[in-house]
Amino acid sequence: MLDTTQKTGQLHPFDPQQYAIETFDDELRVDELCKVLLKQYHQFLLKNNDLSPLQAGSHASGADYFLRDYMIDNRRKNITEISAELIHGFAGNWYIINTLEPNMKELESILLGIDFFYLFCAEKKMLNPTLVDKIHQACSRTEYYRKRIESFHEISGDGYIVWNSSCPFK
């Protein structure tokens, strides 16, 4: 197991305040700290769930993509300041326009990783447990996300502007 004090300086990966981002240096520090947390999440999945190593890896990878690429790099948000709207914006818009071949199989895997990750965070007292249900509901809106992907693939001409504006969570 990685010694978090070596990688992150005296920071604790389960302290929500350590994920605040105000500067570029904060962003780099938070990204490194998030890697430590994701490794612990992956170990948690392997030890505490009936998941195969492949499934656990897939969930950890999905959470990694959401956290590091979307929450930290794109949104520059504290990963514990999660909301249903952020998940809707990710799955209903950002994932679709930032992925070469957006598809539901991949997105569903990512959403499962996000869902399990925030359950893990609640168990570690990083966020309010009442938020877990809202996160789960947002991750479960697969039919909405499926329609968004299908309509994206059907765009022609100037249709992108209309498609993009139809998602209230960007």
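The values are calculated or read from the model by the stated rules, or taken from the named source; none is laboratory data. Worth saying up front: this structure is predicted, and the values here are computed from it rather than measured. Counting neighbours? That spans all protein chains shown, and the Cβs are built from the backbone with ideal geometry, glycine included. Note: areas computed on protein heavy atoms with side chains; ligands, DNA, RNA excluded. Shrake-Rupley method; radii C 1.70, N 1.55, O 1.52, S 1.80 Å.
Only one of the listed residues (D69, D64) is closer than 23 Å to K124 by Cβ and open to solvent by less than 50 Å² (accessible area, probe 1.4 Å). That residue is D64.
Determine if the stretch 114-123 includes at least one residue that is outside any helix (DSSP H, G or I), under 29 Å from D26 (Cβ atoms) and of a type in the set (G, A, S). Within the stretch 114-123 (the criterion being outside any helix (DSSP H, G or I), under 29 Å from D26 (Cβ atoms) and of a type in the set (G, A, S)), the answer is no, since none of the residues qualifies.
Yes/no matrix, rows are residues, columns are (1) touching a residue at least 60 places away in the same chain (Cβ under 8 Å); (2) small (G, A, S); (3) out of contact with any Gly (no Cβ under 7 Å at 6 or more places or on another chain):
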residue: Y19; (1), (2), (3): yes, no, yes
residue: F24; (1), (2), (3): no, no, yes
residue: R29; (1), (2), (3): no, no, yes
residue: L33; (1), (2), (3): no, no, yes
residue: V36; (1), (2), (3): no, no, yes
residue: N48; (1), (2), (3): no, no, yes
residue: S52; (1), (2), (3): no, yes, yes
residue: S61; (1), (2), (3): no, yes, no
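Scanning the stretch 43-61 for residues that are within 13 Å of L112 (Cα to Cα) and open to solvent by less than 50 Å² (accessible area, probe 1.4 Å) yields L45, L51, A56, G57, S58, H59, A60.
In the stretch 96-113, which residues are of a type outside the set (D, E, K, R), assigned to a helix (DSSP H, G or I) and open to solvent by 70 Å² or more (accessible area, probe 1.4 Å)? Within the stretch 96-113, just L112 meets the criteria.
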